[in-house]
Amino acid sequence: MKSRSIAFNSPIDRRAFLAQALGLAGGSAAALQLAAAETLPKPVDSGADYLKEIAENERKSRSKDAQPLIGVGDKLKITKVETFLVKPRWLFLKLHTNAGITGLGEPIVEGRAKTVATAIEELTPYLLGKDPRAVAHHWQAMYRHAFYRGGPVLTSAISGIDQAMWDIKGKALGVPVYELLGGPTRARVRVYAHASTVEQIRQRKAEGFTAFKTGPFKERPARIIENKAFIDKAAQRFAELRAAVGDECDIAIDFHGALSQQVARVLIKALEPHAPMFIEEPVNCQEVEVMADIARGTHLPIATGERIFTKWGFREILEKKAATILQPDLCHAGGITECRLIAGIAEAFYAAIAPHNPLGPVSLAAGLQLAASIPNFLCQEQVSLGAGYIKKPFQVRDGYIDIPTAPGLGVELDDNALADKIDHDWRNRETYDVDDGSVVDW
Ligand SMILES: [Mg+2]
């Protein structure tokens, strides 16, 4: 990867950088003040003025008169949109600006990284020349002007762009994103780790985690109706994990929407004595009425959300009482902008937020910013704390990560460590019934 990001750790760093960029004598207070006055984001006098400026920028960017992307009076503009595949299956986005500030995002659908990269490419003509600080305005434009709204690919593309714009806005103002969202609402953020065996869950606990997630033990994909042995083994394996870490820890279980409702109902009953933290996707999230019926049939919390997009998707889940724990993915559901709105709607239904994230450290960083700005946060999923990807990997202590303090999303890619992780050709697994070869969910 050739491009490098420039992170400003404080307003002073930023002003010094801008003074240098403008060729001003370094160090003089007058020069720094001039640089700040010339280049720092203009205070917003009124919403109307700002919208007028956005409209003017948009007019210029659409002009056929070959307007330069960086011109007199243009304070901050997107100059380049860059995506790159990152192992094992991720897609990173970097937005560049005329001020040298870059923004990071993860626009990705697992198994469809190249499809989303193409969606980003198609959005690039809109983005070039735009002021990235008008995040909510651009979200509306990208979402509504698509005409065919929503879905995993388009909202994932918007999600990554949204994250990168928030990153830029925070860096431009010298504050973490949560400061711009009314935060902080907490000092640290609880995170959970994956584990499917006793050895793994003990290892994760030794690493500092106190919350975990597993899947139902299966020697083969589940049938529509399962036998007693299947149910008993799945419950027994969960009980072994519970015994390995004790009752003070939390263990969630993810059915992945891969069980029939008939099997899901029986397995939930078998798991109830072992007190899972929550049951995730007991059935496919498109079966909202069925999920709601399952929720009424158990005292265990039901969670869903990784394949639900935007506030409109989550509204139905809440209205039908299909789940009390929402798991929007900040890389799928519409980014930080939309997930914060989803959290607000959830709060009105007394539901909690546990963001889905089987992705990379930029996704985790976005989730931490959300968690630090909402009141109804439960726990953040993670599969990577960023070692080998970012310069300062996150640290887990007593099950928590301290909220970041650096501007923007608070992460900076480690280009040297990333060098051998660029590009991949990830393919999702295929699963078939062991008896008749028909296609089944995994
Ligand atoms: Mg899941």
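No lab work stands behind these numbers, since they all come straight from the coordinates. No experiment lies behind these values; they were computed from the predicted model shown. Positions of Cβ are generated from backbone atoms using ideal geometry, with glycine treated the same way; all protein chains shown enter the neighbour counts.
For the stretch 149-255, the set of GluC sites (Glu not before Pro) satisfying both a DSSP loop assignment and a count of at most 10 other C-beta atoms within 10 Å is given as GLU207, GLU219, GLU248.
Karplus-based coupling profile of the stretch 324-331, in residue order and whole Hz: 10, 10, 9, 10, x, 9, 5, 9, with θ = phi - 60° in 6.51 cos²θ - 1.76 cosθ + 1.60 and x standing for Gly or Pro. Taking amide H positions as modeled 1.01 Å from N, with prolines and chain starts lacking one, the residues under 5 Å from LYS392 and 5 or more places away or on another chain are GLU412. Put in order of Cβ neighbour count within 10 Å, fewest first, the listed residues CYS249, CYS339, CYS379 become CYS249, CYS379, CYS339. Ordering 269-275, 356-362, 282-288 by mean Cβ neighbour count within 10 Å, with the highest value first, yields 356-362, 282-288, 269-275.
Students often get this wrong, so check it: of LYS171/LYS213; LYS87/LYS218; LYS130/LYS169; LYS87/LYS392; LYS228/LYS269, which have C-alpha atoms separated by over 23 Å? Display every interim value, and only then the final one.
Numbers: LYS171/LYS213 34 Å; LYS87/LYS218 27 Å; LYS130/LYS169 13 Å; LYS87/LYS392 19 Å; LYS228/LYS269 13 Å.
Beyond 23 Å between Cα atoms: LYS171/LYS213; LYS87/LYS218.
Computed packing ranks the peptides 148-158, 117-127 as 148-158, 117-127, most packed first, by mean other Cβ atoms within 10 Å. Backbone phi angles across the stretch 294-308, fed through the Karplus curve with coefficients 6.51, -1.76 and 1.60 (θ = phi - 60°), yield HN-Hα couplings of 4, 4, 5, x, 9, 8, 6, x, 9, 10, 6, x, 5, 10, 10 Hz in residue order; Gly and Pro are listed as x. A cut-off of 5 Å between modelled amide H atoms, ignoring neighbours fewer than 5 places along the same chain, links HIS194 with LYS213.
Mind running the shape call on the stretch 179-421? Use the C-alpha gyration tensor, a ≥ b ≥ c as the square roots of the eigenvalues: rounded below 1.5 for a/c, prolate if a/b tops b/c, oblate otherwise. Oblate shape, in that a/c is at least 1.5 and b/c is the bigger or equal ratio.
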